[in-house]
Amino acid sequence: MNHTLRLALLTTLSASTIFSCTDHNIENPGGGNYPAKATFKTAPVLSTTSTGAKVYGSGYGSSMAQVPGEWDSFYLMTDRGPNVDGTNEAKIFPIPEFNPHIAKFRLVGDELVYQSSVEFKNAAGMKLTGRPNLPGEGNAGETALDFTGAPIANDPEGIDCEGLAVDPTDGTFWVSDEYGPHIVHFDKSGKTIERINPFGTGTGGRKLPKVLARRRPNRGMEGLTITPDGKFLVGMMQSPIYNPTKAKVANSRVLRLVVFNIASGETKQYAFLTESIKTLSSEIVAITGNTFLVLERDQDYAGGNPASLVKRVYKIDISAATDISDPENKESGLLFGGKTVDELTDAEITSNNIKPVTKELVADILAVPGGYAHDKAEGLAIINNNMIAVVNDDDFGIVSPATPNNTIIQKILPSTMLTDQNVIYFIPLSKGLK
């Protein structure tokens, strides 16, 4: 497919100074109010297809974090880059060299204004791409193709970044992804410090539990947070993992929540039950060492009948939940009556004395003033005890046709008939988080 390529947003700017912050009550010295929503209105066009579909330099909704010490600034993160579904399990990457990164935005009225970028690099300082990993090292079973339909090479260090946490002790970044799953520790400039996964192909010698390698393709560790004391990473798998098989978990509502001790590398796991087999988790953010916010959603566009949709934020508590981790670290994980926890029914979870994390509804995203038009609510941040922020993934403004045919079309929101954009929604809470 003929196209023009304008990589207007891929030049690295110096990383902003980062200040340590251990709570979410960042002082607002100007006393200004947050708007109901703020939009990234000036995303450049990175590429245009021969049919006129525009690939925008947006895609900053995979995860978000308030910039420590700056009440009006936010880190927003891309995923692996522009891509759409192709035929025969293929993925079309119109910009194969796209470098996943974090961008800093400042809030100016109701607009998100781009400030700078932190590009992700490997330990040698080479830019990472979002291309699929090698088989056996996090590969999702996809055939990666460029705009012309030609195969493109896998990247052993490629990252489909989805979860972002800023370390309160030193301002470095922890990022999780949908491939491995991997957890990658980046310094303030975006250079890899450590890469952790279930395969032993990372750096530093530490691993995630082997069972996580059975994650559903492209449904790896979607959310990642760090406890306020900076001691523990907490990651959420996006969907039930294929453990033991895809068929065995077809009706599962069990998502694995993983607690990683940063100092020792030891892990614990807990069960989170989704509202239905059609919903998944998009993000997790720490309130305290035991309580967290989780964003749970379906995959449908909003704007139709809200009663049929789920885009909600829950407060969860792990303090009384059962640790379901396996001391032997088997590929199957811990078994209960010969079954994996991922295939257990609700009744079997109860009969095996497994206590999932508790859930309490905090906010219905569909109830925001003016309505919520997007499909993918993916980023979540705590502004203060009485307000949260949610950002959507706009997929760089592109999607595949309803029947994939290796082409790209514009991502048009059905309720507005406009191309999707990154929007942060600031949501006041009726009840304090603490």
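Things worth noting here:
- Yes/no for residue 39 being under 21 Å from residue 283 (Cα atoms), surrounded by fewer than 18 Cβ atoms within 10 Å (Cβ to Cβ), modelled with pLDDT under 95 and β-branched (Val, Ile, Thr): no
- Within segment 126-147, the set of residues being surrounded by fewer than 19 Cβ atoms within 10 Å (Cβ to Cβ) and out of contact with any strand residue (DSSP E or B) (no Cβ under 9 Å at 6 or more places or on another chain) comprises 126, 134, 135, 136, 139, 141.
- Among residues of segment 177-207, those that are outside any loop (DSSP other than H, G, I, E, B) and either out of contact with any Asp or Glu (no Cβ under 6 Å at 6 or more places or on another chain) or surrounded by fewer than 17 Cβ atoms within 10 Å (Cβ to Cβ) (or both), counted: 11
- Enumeration of residues in segment 319-339 that are touching a residue at least 12 places away in the same chain (Cβ under 8 Å) and in contact with a strand residue (DSSP E or B) (Cβ under 9 Å, 6 or more places away or on another chain): 319, 320, 321, 322, 323, 324, 325, 326, 329, 332, 333
- Whichever residue in segment 339-365 is within 18 Å of residue 310 (Cβ to Cβ) and surrounded by 18 or more Cβ atoms within 10 Å (Cβ to Cβ) and, among such residues, is farthest from the chain's Cα centre (by Cα): 356
- Members of segment 330-362 found to be assigned to a loop (DSSP other than H, G, I, E, B) and either touching a Pro at 6+ places or on another chain (Cβ under 6 Å) or basic (Lys, Arg) (or both), listed by number: 330, 355
- Residue that is surrounded by the fewest Cβ atoms within 10 Å (Cβ to Cβ), among those in segment 320-338 that are more than 24 Å from the chain's Cα centre (by Cα) and either closer than 30 Å to residue 430 by Cα or among the hydroxyl-bearing types (Ser, Thr, Tyr) (or both): 320
- The residue list 251, 243 contains one member that is surrounded by fewer than 24 Cβ atoms within 10 Å (Cβ to Cβ), in a loop (DSSP other than H, G, I, E, B) and not hydroxyl-bearing (Ser, Thr, Tyr), which is 251.
- Among the candidates 228, 198, 209, 240, the residue that is within 20 Å of residue 318 (Cα to Cα), touching a helix residue (DSSP H, G or I) at 6+ places or on another chain (Cβ under 7 Å) and at pLDDT 95 or above is uniquely 240.
- Of all residues in segment 84-109, exactly one satisfies the criterion of being within 16 Å of the chain's Cα centre (by Cα) and part of a loop (DSSP other than H, G, I, E, B), namely 100.
- Residue in segment 15-24 that is under 30 Å from residue 368 (Cα atoms), in a loop (DSSP other than H, G, I, E, B), at pLDDT 95 or above and not β-branched (Val, Ile, Thr) present: no
- Every condition in (1) part of a strand (DSSP E or B); (2) within 20 Å of the chain's Cα centre (by Cα); (3) loosely packed, with under 15 Cβ neighbours inside 10 Å holds for residue 277 except the one numbered (1).
The values are calculated or read from the model by the stated rules, or taken from the named source; none is laboratory data. Since the model is a prediction, treat every value here as computed from it, not as a measurement. Using ideal geometry, Cβ is built from the backbone for each residue, glycine included, and neighbour counts are taken over all protein chains shown.
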